[in-house]
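Please read the structure below before turning to the comments.
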Amino acid sequence: MTKPPSAAHPARTAPRQLPDPDGDAPAIRFRHAAKSFGAVRAVAGLDLDVRRGETVALLGRNGAGKSTTIALLLGLDEPDAGSVRLFGRTPAEAVRAGRVGAMLQEGRPVARITVRELVAFAARTYPAPLPVAEALDLAGLTDLAGRRVDRLSGGQAQRVRFAVALAGNPELIVLDEPTAALDVESRRAFWRSMRAYARRGNTVLFSTHYLEEADAHADRILVLDRGRTVADGTGEQLRRTAARGSMVCVDLAGRPSGGLAALPGVDAVEVRGDRARLRTRDPDATVTALAALGAVRGIEVTPPSLDDVFLALTGATAPTPSASAPGENAR
Amino acid sequence: MITAYVRLEVRRTLRDVSFVVFGIGMPVLMYLLFTNLGGVDPEWRTASMVAMAAYGALGAALSTGTGVAEDKGSGWLRQLRVTPMTPRQVVTGRALTGSVIVLPAIAAVLAAGACVNGVRMDAWQWAAVALVLWLGALPFTLLGIGNGYRLTAQSTGMVNVGWSLALSILGGLWFPVEAFPGWLRSLSGLTPTRRFAELGQSLAAGAAPGAAAAAVVGVWALLFASYAVLSYRRSARTV
């Protein structure tokens, strides 16, 4: 197996050139995969394809099946039914061949070992690893290399786990809620590292319950709910799918508000003082109809927020999953 | 790959202050104490040296299992499952680690015997005693690993300490079996520790190790190995 010469600069955009015995098999393929724990169907017949080089977010509330999906993906669990393939092989084979790296959710740092020792060891278990210095650099750990892993802050320890995941230079990297419990600064640094790794032509799958993160850092978002994908697309596509959540606001200018509810697309009308707020599933039609009535003063169309989209897709009620989302990527 | 893993784990163990103090310092201290209080018996100095080295090896071997339980609890074993290392390689690496970390305790007690207590043996005897102690510690490493895969970190620590105490006292590693009442002495003859020490003690006395001792150690080795394999099979897929 030949790998591209290790780039001193992670900003390369060329996809990795790998002669691949498995041809064009997608990086990840789930076919009707199901997994139950007792009476709970954690993953309920999941179909999923991730192309090589894609960065995909697995988005869902707690308990939506994200972690089980990831456990199946990594071969930590076997599906009860259906199949999971990575690069056309079973997860165990792909992991064994060193094509997969993972950052698992739970875990305390390994005791009594330095960052460099740990990353170097992880690299050694893979057939064609990154140079240790490069792995440390990608994860932003160069200055901490000599420190003991069990004496780092939460954000630093998270970076160590990321470095362990990428040390072997795997083609697919799987991150289970990588930024849970990180502060804004650490999050930003983490995503920078993740994107640098993705830009090398690698496939990245991460799970999150922060919508803004999924939208900002993934090419594609898979919304998971009750063990199934309920939506699949870019943040923009998801917003359009659930566009019935759009809001059209307009000044009434003394006009009566009766009849507004009968306009095309309108699902609900709310009047506050002289201003009407129309919830519409077809904002274009609604605006056109308002224009025909001459009611366009102060007209304003608000696309649904990602939170609205998420709620519409999952049929969830409060609390909003992204209520505690970091502000950095908020739109 | 296994070498790298063994190196990592040995490093982690030797950096554990409590392992160094209790795993290496304790047997040496107890040896010097038990052989210098109340008169000097050169024969007991030699026999006790072997017994205490065996005790040190026993403690270190079992502590390998405590390490396994900790790594299971911290998620490190799970992380290893998503590297190209197979669970089998991990458990083999652990057993090899156990074989390495029993060495300091054995060496320290033998050194205390030679340097402080003036134990004199032929060079081949020193080598043979050390070799037997080293190889004979493997069953206890397997026992520790069995406990480690089966139990939580806390209970593994307790259970291993319990095993260590029971096997040391019953096996006459601390006090000579000659001081035991008859029935206890017969029981002692069935313990792996008694026979493990006996193998080394016959060599130290210049005699060939007895077949009975080797047979008892062998049977226990098989038992502990099966226990380790069963525990490992039961939990390796779920860590």
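Scanning the stretch A:135-155 for residues that are buried (at least 20 other Cβ atoms within 10 Å of the Cβ) and either at pLDDT 95 or above or away from every other protein chain (no Cβ under 14 Å) (or both) yields A:Ala135, A:Leu136, A:Leu138, A:Ala139, A:Leu141, A:Leu144. Here A:Asp308 meets each of (1) at pLDDT 85 or above; (2) buried (at least 18 other Cβ atoms within 10 Å of the Cβ); (3) assigned to a helix (DSSP H, G or I) with one exception, condition (1). Against the condition closer than 30 Å to A:Ala165 by Cβ, touching a residue at least 40 places away in the same chain (Cβ under 8 Å) and in contact with a Leu (Cβ under 9 Å, 6 or more places away or on another chain), how does B:Val132 come out, does it pass? Considered against the rule, which asks whether it is closer than 30 Å to A:Ala165 by Cβ, touching a residue at least 40 places away in the same chain (Cβ under 8 Å) and in contact with a Leu (Cβ under 9 Å, 6 or more places away or on another chain), B:Val132 comes out as no. Counting the residues of the stretch A:224-274 that are in a helix (DSSP H, G or I) and in contact (Cβ under 8 Å) with a residue 24 or more places away in the chain gives 7. For the stretch A:196-220, filtered to residues that are acidic (Asp, Glu) and in a helix (DSSP H, G or I), the residue that is farthest from A:Arg51 (Cα to Cα) is A:Glu212.
Using the structure shown, decide if A:Ile113 is within 27 Å of A:Asn169 (Cα to Cα), aliphatic (A, V, I, L, M), within 14 Å of chain B (Cβ to nearest Cβ) and free of Cβ contacts under 8 Å to residues at least 60 places away in the same chain. Spelling it out, A:Ile113 is indeed within 27 Å of A:Asn169 (Cα to Cα), aliphatic (A, V, I, L, M), within 14 Å of chain B (Cβ to nearest Cβ) and free of Cβ contacts under 8 Å to residues at least 60 places away in the same chain. Would you mind stating whether A:Asp225 is surrounded by 21 or more Cβ atoms within 10 Å (Cβ to Cβ), of a type in the set (Asp, Glu) and in contact with a helix residue (DSSP H, G or I) (Cβ under 6 Å, 6 or more places away or on another chain)? The answer is no for A:Asp225.
Matching residues to (1) closer than 22 Å to B:Val219 by Cα; (2) surrounded by 13 or more Cβ atoms within 10 Å (Cβ to Cβ); (3) in contact with a Lys or Arg (Cβ under 9 Å, 6 or more places away or on another chain):
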| position | (1), (2), (3) |
| --- | --- |
| B:Leu142 | yes, yes, no |
| B:Asn147 | yes, yes, no |
| B:Gln154 | no, no, no |
| B:Leu170 | yes, yes, yes |
| B:Ser186 | yes, no, no |
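Residue by residue, here is whether (1) crowded, with 24+ Cβ neighbours inside 10 Å; (2) out of contact with any Lys or Arg (no Cβ under 6 Å at 6 or more places or on another chain); (3) closer than 21 Å to B:Gly148 by Cβ; (4) among the aliphatic types (A, V, I, L, M) holds:
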site	(1), (2), (3), (4)
B:Val20	no, yes, yes, yes
B:Pro27	yes, yes, no, no
B:Gly39	no, yes, no, no
B:Arg45	no, yes, no, no
B:Val50	yes, yes, no, yes
B:Leu58	yes, yes, yes, yes
B:Ala61	yes, yes, yes, yes
B:Gly65	yes, yes, yes, no
B:Glu70	no, yes, yes, no
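Can we say A:Arg277 is in contact (Cβ under 8 Å) with a residue 24 or more places away in the chain and surrounded by fewer than 20 Cβ atoms within 10 Å (Cβ to Cβ)?
Yes; evaluated as a whole, the condition is true for this residue.
Evaluated against (1) surrounded by fewer than 21 Cβ atoms within 10 Å (Cβ to Cβ); (2) touching a Phe, Trp or Tyr at 6+ places or on another chain (Cβ under 6 Å); (3) of a type in the set (A, V, I, L, M), B:Ala107 falls short on exactly one condition, (2). Flag not set for B:Thr35, criterion: crowded, with 20+ Cβ neighbours inside 10 Å and facing another protein chain (nearest Cβ under 10 Å). Summed over the stretch A:32-45, residues that are of a type in the set (Lys, Arg) and either closer than 21 Å to B:Val82 by Cβ or part of a loop (DSSP other than H, G, I, E, B) (or both) total 1. When the helices (runs of 4 or more DSSP H) confined to the stretch B:1-85 are screened for residues that are modelled with pLDDT of 95 or more, those reaching at least 1 such residues are found at B:2-14, B:26-36, B:42-74.
The values are calculated or read from the model by the stated rules, or taken from the named source; none is laboratory data. Predicted, not measured: the structure shown is a model, and the values here were computed from it. Methodologically, a virtual Cβ is constructed for each residue, glycine included, from the backbone with ideal geometry; neighbour enumeration extends over all protein chains shown.
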